[in-house]
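Just so you know, all these numbers are worked out from the coordinates, no wet-lab data involved. Everything quoted here is computed from the prediction, not taken from an experiment. Virtual Cβ from ideal backbone geometry, glycine too; neighbours counted across all protein chains shown.
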Amino acid sequence: MKKFLISDYDGTFHTDDESMKNNIEKVKEFRKSGNIFAIATGRSFYDFTKLLDKFNIEYDYLIINHGATLLDKNHNIINNYSICNIAKENIRTEFDLVDDEHIFVCKCLESRTSILEDDITKINIRCRSKEEQINFNDILNSKYKDFIKSYLITGLSNSIEVISCNTNKSIAIQEIANIENISRENIYTVGDSFNDLEMLEAFNGFCMESGEETVKCKIANKCSTVEEVIYKIIGGSNE
């Protein structure tokens, strides 16, 4: 029975260049055995595909924008969830969001477009402080929860990212599982951050030892690399 492994990218598939190299080689072995591999990232299409020029990463599916856009390995669009236009406009006007260095907006495969456009896929908002980031994230997830989902983005930018409430990485994974006719017990996920929690809880999840403490507390299985997870799935030793 074929297995399906989904890995987050930043802080998971790529932690350092040496682990990245080992992960890539192990994924090749995993896929050669007839299994399915996907990358699930919060990155936009442009931001992720820039990495493909540097690393020869093989995958069967690509999930970008936290699950809002689902692509096959040839980057054909399988599905795309846009943010409700009315909710987007209400958020834009309430918080005075404008096209400047503090935000960027994605629209399906377009990675930099205007906040004024309709049918946008993701909004990245850079806050002035960690406190503002947390407060803004809480407000959005409370006041607009019927329309959007907002995620805290790990790192120094104090960013939050907003997508449609109709999707997340877990929902995108289930769409692929339906296409590939893979049952839940054969689906494995690995990640490290807040936007990974839904997929880690929904399927056989592994949290990176270096992951967010809040996420680690909720996920029993831990790992240090994606390579390690593949060993556990298909057997063998990683000594």
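Quick notes on this structure:
- Relative to the longest principal axis of the Cα atoms of the chain, the long axis of helix 17-32 lies at roughly 70 degrees.
- Lysine pairs meeting the criterion (Cα under 26 Å, 8 or more apart or interchain), as found in segment 2-55: 17
- Karplus 3J(HN,Hα) series, Hz, for segment 130-136 with 6.51 cos²θ - 1.76 cosθ + 1.60 (x for Gly, Pro): 4, 4, 5, 4, 5, 5, 4
- Within segment 24-110, the trypsin sites (Lys or Arg not before Pro) that combine a DSSP coil assignment with at most 11 other C-beta atoms in a 10 angstrom radius are Lys54.
- Packing, as the average of other Cβ atoms within 10 Å across residues, places the peptides 216-222, 34-40 in the order 34-40, 216-222, highest first.
- Derived scalar couplings between HN and Hα for segment 99-105 equal 6, 8, 6, 8, 9, 9, 10 Hz in order, rounded to whole Hz, by the Karplus curve 6.51 cos²θ - 1.76 cosθ + 1.60 (θ = phi - 60°), x for Gly and Pro.
- Lys pairs under 14 Å by Cα in segment 70-199, provided they are eight or more residues apart or on distinct chains: 9
- Identified option (computed log10 I(q)/I(0) by the Debye sum over Cα atoms at q = 0.10, 0.17 Å⁻¹; candidates (i) -0.45, -1.27; (ii) -0.65, -1.07; (iii) -0.50, -1.20): (i)
- ³J(HN,Hα), Karplus 6.51/-1.76/1.60, whole Hz, each residue of segment 6-14, x for Gly, Pro: 10, 10, 4, 9, 5, x, 10, 5, 10
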